[in-house]
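Presented below is the structure to which this report refers.
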Amino acid sequence: MPNSENINVTPQNIIYRVRVAVPVFLYDCFDYKVSAEQYAQADVGMRVAVSFGRQKLVAIITEKLAIDTPIDPRFQLKSVTEFLDDRAILNDKVLSLLTWAAHYYQFPIGEVMQTALPILLRQGKPYNLLARIWKVLDLNAEDKVKRSEKQQEAYKILKLHPQGTQENILNLSGIETATLKALEKKEIIICDLEPQNFKPEPVSLAQMPLTANEDQKKAIQTILKAQKKYQAFLLDGLTGSGKTEVYLQVMQEILKQGKQVLVLVPEIGLTPQTVSRFQSRFHCNIALLHSGLNDTKRLQAWQHSETGKASIILGTRSAIFTPMPHLGLIILDEEHDLSFKQQDGFRYHARDVALYRAHLENCPIILGSATPSIDSYFLAQQGKLTRLELNQRAGTAIMPKMHVIDLKISKKTAGLSEQLISEIGKRLEKKEQVLIFLNRRGYAPVLICESCGWQANCPHCDAHFTLHLKPYSHLHCHHCGTINRLPDACPACNQNTLKPIGMGTAKVEEALNELFPKYPVVRVDRDSISRVGSWQKIYDQIQKSEPTILLGTQMLAKGHHFPYVTLVAILDIDAGLLSVDFRATERTAQLIVQVAGRSGRGEKKGDVYLQTLRPDHPLLNILLDKNYRAFAKQTLADRKIAEMPPYRYAVLLRCESKSQDENQTFLTEMTQQLRLNSEENLIDIWGPIPAPMERKAGRYQAHVVLLSHDRAKMHFYIRQWWQYVLQQKPSQMKLTIDVDPQELS
Ligand code: ADP
Ligand code: ZN
Ligand code: ZN
């Protein structure tokens, strides 16, 4: 018997519907009505405008509903306001990737989809923006550009392309928009707006590859055997062993077949150097995708990837979600780097997403690092990653020698031991460069009163204020951003006995300027570098081969190539040796090896000096006597005994509210629910416990850590439980779930 609903289905009263992902913090997708014509045209991966509650939002079609799909009686069915695209702009593979990621990281699909779109498309702007094309107007303007090197350069390039060149391509070649505008003002060139050309461009070799050494050859050949199928490689190569050359030679083969290569790097700071290496090797269209671009540039780069115009796509974390019709290879450089993990909102790990994407796209993926993560070594042990070693430094460079300086028995000036100061002096006199690493910006991390012991603490956090002297004297909390003025006298006892304790990069800079007045000190930290452009200046200075002191934080530790640095000093890593986080030693070991790897990359041999109060720490011993791989092996053994990740899978629930009691009461009740509603002994529940920094920005933080050997089952139970937790949660409490957390803070 047909039921009554079916009898009513006649062409006149069919309700055509699409299901869409809406950018709101809700785990469901929602259905909207469309006309028969719209239905015919609709495709998953298109943007539509919809009204949602009182908002007008840009949503993505995730499903064209079959006409007999039952209507959900809970919601009033509204119509789609407008179709924003005439074709799908997220392809099937990217949609599958996003759906998987939303499910795996337990984050609302609508918000996850937003991550894949450039801002202008999220805002509902039309796909086809007009491109700015620059053309030469005056063919004899050499005299008019004589006075500016930049204008000369731009003019020369533009003259080579009489048909005109897109502004974003010119920008990639280092020609700034400001220079173009200046030439326009002089009426030497003009700007046309033209429809963008999205045709793929041919690729050719601009420069011969280097002759690969034995290790490189073996790696290249092994990877190339895996073309056109999924295989994941871990390129485990010492710092300076020529990993990039391996990437370039593998890319060459893939590009030759008209395919696209996606290269992910941890930070924007690394992109200029990488871009220039790719550009000098290949003539092809490179799209750059990172947060330092303005919205239009980012949209253009995204479109070049999505249409296949760009052959190489170079980007940071979120570029992993960019559609590419001909993806043939993924490279993720510095795979151990923490910035591949998003630390707020949608907390995905680009490395794991990249592995899944390569699997979906059926293409090889290379994870490269001199200090692979313990997680990746584990995957290699299980046969899920094929490990390839590069054991020689490329060219004539050899590995630097490590020395430990015991701070307990050394005389110091501003935290620099006498021995170190003398070594720095020697290097500079020999016209070599020195790199000093200190992972603490500002002038001093603590301000105390010598008379009464008062300390300048942030009123909103369990943390000291950091003292900054520039651009003006102030106290700054690096955790919540609070800024206070610097008191003239001690607020507790009114004496003039306030004293900075410890050192930050600004203080060391001051000391170095006094100790070595003849030499420039270049400081690299978040206070001195704010834009991509500032990196370029630093590179220029470093490539000049003049004696220079480079001083900086974490930012300096990443894969940069500093050919003239022969001495590296690490001033203080003791905090990393003493931290409670089970991954702290891994991070510290990576940092030491990476910073050390900046030394002796040119023709001269390098040295590394490590200052510490704990010269006998086992981590230092294993790194000094053996190497990072021995350290990794030991760490895997330790984690196995402790049953910590990667031997068990983790999920971290973070909770934040106005009171720690409230956190504890709520979390205790919730963890009991989880115990009742999952299999016995499946999930090990730790907590609730106060977070390592219990109070931050005036709110109290607590954690629950969940661990299990069975990832799929644990995720299954947590997924149901998490929906329950969100329903029960008091309104002013903030809860987040972090699948495979990287930091327990
Ligand atoms: P990594 O990425 O492993 O740190 P790089 O790729 O930056 O190392 O290589 C370090 C240096 O060695 C670069 O200057 C590079 O040009 C050079 N190099 C790499 N491979 C070779 C080779 N086969 N022969 C000569 N020089 C090489
Ligand atoms: Zn005092
Ligand atoms: Zn604070």
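The values are calculated or read from the model by the stated rules, or taken from the named source; none is laboratory data. Here the structure is a predicted model, which means the values were calculated and not measured. When we count neighbours, we look across all protein chains shown, and the Cβ atoms used for this are built from the backbone with ideal geometry, even at glycine. With ligands, DNA and RNA removed, areas are computed over all heavy atoms of the protein, side chains included. Shrake-Rupley method; radii C 1.70, N 1.55, O 1.52, S 1.80 Å.
Eigen-decomposition of the gyration tensor built on the alpha-carbon atoms of segment 59-135 gives equivalent ellipsoid semi-axes of 28, 18, 12 angstrom, largest listed first. Excluding ligands, DNA and RNA, the accessible surface per residue across the chain is 46 Å² with a 1.4 Å probe.
Divided by 2.2 N^0.38 Å, where N counts the residues, the Cα radius of gyration of segment 22-89 comes to 1.06. Listed values for segment 295-311 are Karplus-derived 3J(HN,Hα) couplings in whole Hz (6.51 cos²θ - 1.76 cosθ + 1.60, θ = phi - 60°), namely 4, 5, 4, 5, 4, 4, 4, 5, 5, 5, 6, 5, 8, x, 5, 7, 8, and x replaces Gly and Pro. Would you mind computing, in nm to one decimal, how far apart the modelled labels at Ser579 and Glu680 are, each placed 7 Å from Cα along Cα→Cβ? Going from the Ser579 label point to the Glu680 one covers 3.9 nm. Under a model in which nothing but the beta-carbon of Lys, Arg (+1) and Asp, Glu (-1) is charged, segment 618-745 shows a dipole of about 340 debye around its Cα centre. Between Lys633 and Gln720, full extension at 0.36 nm per residue minus the direct alpha carbon distance yields a gain of 27.7 nm.
Once the Cβ-Cβ distance of Lys734 and Glu450 is raised to the sixth power relative to R0 = 35 Å, the FRET efficiency obtained is 0.30.
Note on Lys225 and His403: the extension gain reaches 59.9 nm, defined as 0.36 nm multiplied by sequence separation minus the Cα-Cα distance.
The helix-based estimate of mean residue ellipticity at 222 nm for the chain, built from -39,500 (n - 2.57) per DSSP H run of four or more residues and divided by its residue count, is -9500 deg cm²/dmol to the nearest 500. Once the C-beta distance of Asp86 and Gln543 is scaled by a Förster radius of 51 Å, the resulting FRET efficiency is 0.60 to the nearest 0.05. Do any cysteines in the chain lack another Cys Cβ under 4.7 Å, and if so which? Cysteines of the chain left without a disulfide-compatible partner: Cys29, Cys191, Cys284, Cys363, Cys480, Cys655. With both labels modelled 7 Å from their Cα along Cα-to-Cβ, the Gln419 to Gln672 distance reads 5.8 nm. Subtracting the Cα-Cα distance from 0.36 nm times the residue separation, let me have the gained length for Ser173 to Arg711 in nm, one decimal. Separation in residues times 0.36 nm, less the Cα-Cα distance, equals 189.0 nm. Summing charges over all other residues whose Cβ lies under 10 Å from the Cβ of Cys363, with Lys and Arg as +1 and Asp and Glu as -1, gives +3.
Most tightly packed first, judged by the mean number of other beta-carbon atoms within 10 Å of their residues, the peptides 467-473, 78-84 read 78-84, 467-473. Calculated from the alpha-carbon coordinates, segment 649-739 shows an Rg and a Dmax of 12.6, 38 Å respectively.
Restricting the calculation to Cα atoms, every distinct pair contributes to the Kirkwood radius of the chain, found to be 28.9 Å. Spin-label pair Lys430-Ser79: with each label point 7 Å from Cα along the Cα-Cβ axis, the two points sit 7.9 nm from one another. Computed over segment 204-390, the quotient of the alpha carbon radius of gyration and 2.2 N^0.38 Å is 0.95.
Normalised by the number of residues in the chain, the average gap of Cα pairs under 8 Å and 6 or more apart makes the relative contact order 10 percent.
For Lys626, the lysines whose Cα comes closer than 24 Å to its Cα, not counting residues fewer than 8 places off in the same chain, are Lys243, Lys401, Lys558, Lys604, Lys605, Lys640.
What the phi angles of segment 100-115 give under the Karplus curve with 6.51, -1.76 and 1.60, with θ = phi - 60°, is a coupling list of 4, 5, 4, 5, 5, 8, 6, 10, x, 4, x, 6, 4, 4, 4, 4 Hz, glycine and proline written as x.
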